[in-house]
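Chemist: Below you'll find the structure I mean.
The values are calculated or read from the model by the stated rules, or taken from the named source; none is laboratory data. As the structure is a prediction and not an experimental result, all values here were calculated from the model. Glycine also receives a Cβ, built like all others from the backbone with ideal geometry; neighbour counts cover every protein chain displayed.
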Amino acid sequence: MDFDYTDKVKDLQGRVTAFMQDYVIPSEEPISTWFAENRDEWGAAPMMDDLKAEAKKQGLWNLFLPEDSRGAGLSNLEYAPLAEITGWSPTIGPEALNCSAPDTGNMEILSRYGSPEQQEEWLKPLLAGDIRSCFSMTEPAVASSDANNIALRIEDDGDSWVLNGRKWWSSSALRRETKVALVMGVTDPEAEVGKRHSLVCVPIDAPGLTILRSTTVFGFDDRHEGGHGVLDYVDVRVPKSALLGPRGGGFAVAQSRLGPGRIHHCMRLIGMAERAVAMMTERAKTRVTWGEPVADQGVFQTWLADARIQINAARLVVLNAAFKMDTIGNKEARHEIAAAKIMVPQVARDVIDRAIQTFGGAGISSDFPLAYLYVTARYLQVADGPDEVHRRSLARAELKRVPLLKVM
């Protein structure tokens, strides 16, 4: 297992780093100010168009997709250190490079399962960064951690599908640029478990589809990301050609996006933790308590040492999962992905928490990005499957494993 980066990746690391330092980080404050002054706006700040244009100009576009899917031709292992760097500014960096969720996962399944018509209508403008999309799966009335509970009906009605139900946590649904929702629902209620659900592409302006509101995350409305929409589907009618992938194959199609999506989140979380370390280190050097810099105090040095150990360990878990995805496939690497999905948000949350403590009152304010970074890390312990589901999966795999060591 060789985790040394190729010359191609090292070059991209340098270029992405420069892009983040020169363009993205300086844009954070003006974008934040713009949203504060435009409280009714759910679209991208005007500065985002300039960032996207610069990223395209520099060849830093669609880095997450393999070349045969019209991407940069990087493996998961090659993409990991680049996604990490974009995590320094998770609200701006990924979108500026057209590598933000939920679009990345939606583009992946559209490139793999989409019909030529679906790819022309939805994938092509997504790849160009001209539109956004949402993934409409989770429901408020059921425990969606067990996807078998998903109850929105997608009924076969002649030459159409008719959708009825309610979804929430449809991230980016409120963005003015969002034009399509990929919706999971029940097409075959009498089929065996795992074959009851299908995915369909639904235009966001389809008659009967109403965006009721956005949920908040610990008080943050995520306006810059288009919120997390609560969507009502009442007799929403789409043509049969809207089916994405095979009928009854919704779980398989969704899983093909969730695996890479989970590891992408973990990659970016490493970058978030690194930014927290950089911020707490700088803060500790410039603040004096009881006659000495915070950086010289033992408790802070313990926090900093532990943070470095945790981040390095978490990065190796992510790289191992990415390596396994590249070599044995996403499905076979599901336990490595689950391990990363459990460990990395917890590590990032803990590291960011210590950075907040280092900043004191400033750390819990929105004057600095730490509070939002913390909320994002905590949110990702629930999103894309809660930790408990992934722990159960890992435990069941361990119980089936034949150990090399015989102790009884």
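Chemist: Just the residues that are crowded, with 16+ Cβ neighbours inside 10 Å and either acidic (D, E) or modelled with pLDDT under 90 (or both), please, taken from region 385-400.
Modeler: Scanning region 385-400 gives G385, D387.
Chemist: Here is a further query. Exactly one of these conditions fails for D2: (1) in contact (Cβ under 8 Å) with a residue 12 or more places away in the chain; (2) at negative phi. Give me its number.
Modeler: Looking at each condition in turn, D2 falls short on (1).
Chemist: Would you mind telling me which numbered condition in (1) surrounded by fewer than 18 Cβ atoms within 10 Å (Cβ to Cβ); (2) of a type outside the set (D, E); (3) part of a helix (DSSP H, G or I) V382 fails?
Modeler: (3)
Chemist: On to the next question. Take the conditions under 24 Å from G87 (Cβ atoms), of a type in the set (D, E, K, R), surrounded by fewer than 22 Cβ atoms within 10 Å (Cβ to Cβ) and touching a Ser or Thr at 6+ places or on another chain (Cβ under 8 Å) and apply them to D306. Does it pass?
Modeler: Numbers: under 24 Å from G87 (Cβ atoms): yes; of a type in the set (D, E, K, R): yes; surrounded by fewer than 22 Cβ atoms within 10 Å (Cβ to Cβ): yes; touching a Ser or Thr at 6+ places or on another chain (Cβ under 8 Å): no.
Against the criterion (under 24 Å from G87 (Cβ atoms), of a type in the set (D, E, K, R), surrounded by fewer than 22 Cβ atoms within 10 Å (Cβ to Cβ) and touching a Ser or Thr at 6+ places or on another chain (Cβ under 8 Å)), D306 does not qualify.
Chemist: Moving on. Going by what's in this entry, would F19 be described as touching a His at 6+ places or on another chain (Cβ under 9 Å) and in contact (Cβ under 8 Å) with a residue 60 or more places away in the chain? Steps first, please.
Modeler: On the way: touching a His at 6+ places or on another chain (Cβ under 9 Å): no; in contact (Cβ under 8 Å) with a residue 60 or more places away in the chain: yes.
Answer is no for this residue.
Chemist: Residues T17, T91: which one is part of a loop (DSSP other than H, G, I, E, B), modelled with pLDDT of 90 or more and surrounded by fewer than 23 Cβ atoms within 10 Å (Cβ to Cβ)? Before the answer, list the steps.
Modeler: Details: T17 fails: part of a loop (DSSP other than H, G, I, E, B).
From the options T17, T91, the qualifying one is T91.
Chemist: Return the pair list, or none, for Cβ contacts closer than 8 Å from residues in region 315-344 that are in the same structural domain as R392 (by TED's automatic domain parsing) to residues that are in a loop (DSSP other than H, G, I, E, B) and small (G, A, S), at least 6 apart or on different chains.
Modeler: So the pair list comes out as A321/A333; A322/S75; K324/A333; M325/A333; D326/S75; K341/G385.
Chemist: Condition first: part of a loop (DSSP other than H, G, I, E, B), surrounded by fewer than 16 Cβ atoms within 10 Å (Cβ to Cβ) and among the charged types (D, E, K, R). Can you find one or more residues in region 48-68 that meet it?
Modeler: Looking through region 48-68, none of the residues is part of a loop (DSSP other than H, G, I, E, B), surrounded by fewer than 16 Cβ atoms within 10 Å (Cβ to Cβ) and among the charged types (D, E, K, R).
Chemist: Right, something else. Among A96, A80, which is among the small types (G, A, S), under 16 Å from R132 (Cα atoms) and in contact (Cβ under 8 Å) with a residue 24 or more places away in the chain?
Modeler: Selected residue: A96, the only one of A96, A80 that is among the small types (G, A, S), under 16 Å from R132 (Cα atoms) and in contact (Cβ under 8 Å) with a residue 24 or more places away in the chain.
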